[in-house]
Amino acid sequence: MLENTQIKIPETNEEIKKCHEIREYVLKESFADDGLVLNHYDPTHPAHNHPNISLIYLHDGVVIGSVRMDKKFEYLNFKENEFRLALFAITEELQGKGFGAHFFAGIKSWCQQNAIDTVYTNARVKAHPFWKKMGFIDKVWDDKAVEENEIQMVLKI
Ligand SMILES: CC(C)(COP(=O)(O)OP(=O)(O)OC[C@H]1O[C@@H](n2cnc3c(N)ncnc32)[C@H](O)[C@@H]1OP(=O)(O)O)[C@@H](O)C(=O)NCCC(=O)NCCS
């Protein structure tokens, strides 16, 4: 099942649309963790563009996962060898089948190919066990943004 998969930057209109659908879903989930409702999702927000990089995960040619690798976000500026992993998700109906772990293994390879050795993330409490399994450790790396429903983590690749 995990054979026919691919990781790439979204290119076609359909891939970009699906990337944003999944991203909107994970953002909604994160808002819900804080008891908030996401009223408006803006696919044109500058954070979705350069220098940040969107990656999608396809299975049998269908986009089933997406992530944003952030170089810059608000006051955050990451070094050449670093990224902040944001809004990682697998489409809801295909969760729990090993796709998330497989997608993340591909992201790790992508990091190695791009000379990235440090990845930061803000894990949802609900997804914290998943990130621990992926090798991340708890570490506050942005003390201005310590949140109740998020755990700051880092992975040295
Ligand atoms: C979190 C998420 C990306 C995991 O992807 P997935 O495809 O469901 O995970 P996998 O099936 O690849 O699981 C890999 C391992 O992590 C474990 N795992 C995954 N999610 C878990 C959870 N919420 N709690 C405990 N363990 C979890 C699995 O049991 C599995 O363990 P195993 O290797 O011992 O069998 C996915 O559930 C998701 O998109 N959730 C909604 C969005 C989200 O929360 N994104 C994370 C933002 S920080």
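A simple spin-label model places the labels of N39 and N77 3.3 nm from each other, with each point 7 Å out along Cα-to-Cβ.
Estimated from helical segments only, the mean residue ellipticity of the chain at 222 nm is -8500 deg cm²/dmol, where each DSSP H run of four or more residues counts as -39500 (n - 2.57).
Put the Cα centre of segment 116-157 next to the Cα centre of segment 1-39 and the gap is 19 Å.
Think of segment 95-157 as a dipole: +1 on every Lys or Arg Cβ, -1 on every Asp or Glu Cβ, centred on the Cα centre; then among A101, P129, C111, A101 lies furthest on the positive end. Cβ crowding within 10 Å ranks T121, T5 as T5, T121, fewest other Cβ atoms first.
Let me spell out the model: positive unit charges on the Cβ of Lys and Arg, negative unit charges on the Cβ of Asp and Glu, origin at the Cα centre of the chain. What dipole size does that give, in debye rounded to 20? It would help to have the intermediate numbers written out before the result.
Details: 19 positive and 24 negative charges, 88 e Å.
With Lys and Arg at +1 and Asp and Glu at -1, about 420 debye.
Compared with the alpha-carbon gap, the fully stretched path from H128 to K144 is longer by 3.8 nm at 0.36 nm per residue.
Pulled fully out, how much extra length does the chain show between F31 and N114, if you take 0.36 nm times their separation in residues and subtract their Cα-Cα distance?
On the way: separation 83, 0.36 × 83 = 29.88 nm, distance 3.15 nm.
That works out to 26.7 nm of additional length.
Between their Cα atoms, which of K79/K133; K8/K126; K72/K139; K18/K156 are more than 22 Å away from each other? Table pairs above 22 Å Cα-Cα are K79/K133; K8/K126; K18/K156.
The numbers here are math on the coordinates, done by the rules we state, and not lab data. Nothing here was measured: the structure is a model prediction, and the numbers come from that model. Quick reminder, even Gly has a Cβ in these numbers, built from the backbone with ideal geometry, and neighbours come from all protein chains shown.
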